[in-house]
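Q: What follows is a structure written as structure tokens; I'll ask about it next.
The values are calculated or read from the model by the stated rules, or taken from the named source; none is laboratory data. Quick caveat, the model's predicted, so the values are computed rather than measured. Backbone-built Cβ (ideal geometry, glycine too); neighbour counts: all protein chains shown.
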Amino acid sequence: MEPIKVHKGKTVALMNNNIDTDQIIPKVFLKRIEKTGFGAFVFDEWRFLKNGDPNPDFPLNDADRQEATILITGDNFGCGSSREHAAWALKDYRFRVIIAGSYSDIFYMNSLKNGLLLIELPQDQRDALAQLSADETIEIDLPNQVVRTQAAEYPFDIDPTWKHKLENGIDDITETMGYKDEIDAYEAKWDNIYA
């Protein structure tokens, strides 16, 4: 997992509340067995018209928002089914950070485990971020837990364990492999018993 310490990026706002995982990645695209390739289908039913053309009214299709790596959004983001594909799709699309009012618990955990930084900020701060120009780069400073714009700073909370994992790129496998010597010793013990 790629570490996140200080991320500088541009924003795009999708201020709907209750965006569920089926809206993030529709179920028709869940047939892939890899974690990659889902970004092309993120928000598919909103991003594209019935004829397959890009929806000109959808924020992710704005020509001046194509470099955005930070999504600003509403409350209860990621509700609905527990599909981990939603986190995969957002990350594969190019998002590194999502700033919402709140998240569903399962989506929150799936996202953190896949290296997405999820930040909760109040409505007025998210409204201010949603108004930023397309060419403004903002800074997400995870060590100091602050979102910085040219005009303001917004502090955020994060569980210290997840902060450490994100800063150091530690996923479940990396964490498990930190106990390799103990695992090897345990396996050797049982190998000797059943030899």
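Q: Would it be correct to say that residue 89 is farther than 12 Å from residue 19 by Cβ, among the small types (Gly, Ala, Ser), surrounded by 17 or more Cβ atoms within 10 Å (Cβ to Cβ) and out of contact with any helix residue (DSSP H, G or I) (no Cβ under 7 Å at 6 or more places or on another chain)? Can you show your working first?
A: On the way: farther than 12 Å from residue 19 by Cβ: yes; among the small types (Gly, Ala, Ser): yes; surrounded by 17 or more Cβ atoms within 10 Å (Cβ to Cβ): yes; out of contact with any helix residue (DSSP H, G or I) (no Cβ under 7 Å at 6 or more places or on another chain): no.
No: the conditions fail for residue 89.
Q: Take residue 133 and tell me if it is surrounded by fewer than 16 Cβ atoms within 10 Å (Cβ to Cβ) and under 15 Å from the mean Cα position of the chain (by Cα). Reasoning before the result, please.
A: Numbers: surrounded by fewer than 16 Cβ atoms within 10 Å (Cβ to Cβ): yes; under 15 Å from the mean Cα position of the chain (by Cα): no.
No.
Q: If you don't mind, another one. Within the bounds of segment 50-65, is there any residue that is part of a loop (DSSP other than H, G, I, E, B), surrounded by fewer than 13 Cβ atoms within 10 Å (Cβ to Cβ) and of a type in the set (Gly, Ala, Ser)?
A: The initial filter retains those residues of segment 50-65 that are part of a loop (DSSP other than H, G, I, E, B), namely 50-53, 55-58, 62.
Next, only the ones that are surrounded by fewer than 13 Cβ atoms within 10 Å (Cβ to Cβ) stay: 50-53, 56-57.
From what is left, the residues that are of a type in the set (Gly, Ala, Ser) are 52.
Looking through segment 50-65, at least one residue is part of a loop (DSSP other than H, G, I, E, B), surrounded by fewer than 13 Cβ atoms within 10 Å (Cβ to Cβ) and of a type in the set (Gly, Ala, Ser).
Conditions tested, residue by residue: (1) within 26 Å of residue 115 (Cα to Cα); (2) more than 33 Å from the chain's Cα centre (by Cα).
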position	(1), (2)
160	yes, no
164	yes, no
167	yes, no
175	yes, no
182	no, no
186	no, yes
191	no, yes
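Q: All but one of (1) crowded, with 20+ Cβ neighbours inside 10 Å; (2) closer than 28 Å to residue 28 by Cβ; (3) not acidic (Asp, Glu) hold for residue 138; state the number of the condition that does not hold.
A: Failed condition: (2).
Q: Quick one: residue 89 ticks every box in (1) assigned to a loop (DSSP other than H, G, I, E, B); (2) under 14 Å from the mean Cα position of the chain (by Cα) bar one, so which box is it?
A: Failed condition: (1).
Q: Out of the residues in segment 141-183 meeting the condition of being part of a helix (DSSP H, G or I) and touching a residue at least 12 places away in the same chain (Cβ under 8 Å), tell me which one is surrounded by the fewest Cβ atoms within 10 Å (Cβ to Cβ). Walk me through it before giving the result.
A: Kept after step one, since they are part of a helix (DSSP H, G or I), are these residues of segment 141-183: 160-168, 172-177, 180-183.
Narrowing the set further to residues that are touching a residue at least 12 places away in the same chain (Cβ under 8 Å) leaves 162-163, 165-168, 172, 174.
On the way: 162: 16, 163: 17, 165: 21, 166: 22, 167: 15, 168: 12, 172: 10, 174: 12.
Among them, the one singled out is 172.
Q: Another question about this same structure. Which residue pairs have Cβ atoms under 8 Å apart, sit 6 or more places apart or on different chains, and have a first residue in segment 96-109 that is surrounded by fewer than 17 Cβ atoms within 10 Å (Cβ to Cβ) and a second that is assigned to a loop (DSSP other than H, G, I, E, B) and not aromatic (Phe, Trp, Tyr)?
A: Pairs found: 102/75; 102/76.
Q: Would you be able to tell me the number of residues in segment 1-21 that are outside any loop (DSSP other than H, G, I, E, B) and either closer than 27 Å to residue 144 by Cβ or at pLDDT below 95 (or both)?
A: Applying the first criterion (outside any loop (DSSP other than H, G, I, E, B)) to segment 1-21 yields 6-14, 20-21.
The next check asks that each one be either closer than 27 Å to residue 144 by Cβ or at pLDDT below 95 (or both); those that pass are 6-14.
Residues in segment 1-21 being outside any loop (DSSP other than H, G, I, E, B) and either closer than 27 Å to residue 144 by Cβ or at pLDDT below 95 (or both): 9 in total.
Q: Taking residue 76 as the residue in question, decide whether it is of a type in the set (S, T, N, Q), at pLDDT 95 or above, surrounded by 15 or more Cβ atoms within 10 Å (Cβ to Cβ) and in contact with a helix residue (DSSP H, G or I) (Cβ under 7 Å, 6 or more places away or on another chain).
A: Working: of a type in the set (S, T, N, Q): yes; at pLDDT 95 or above: yes; surrounded by 15 or more Cβ atoms within 10 Å (Cβ to Cβ): yes; in contact with a helix residue (DSSP H, G or I) (Cβ under 7 Å, 6 or more places away or on another chain): no.
The answer is no for residue 76.
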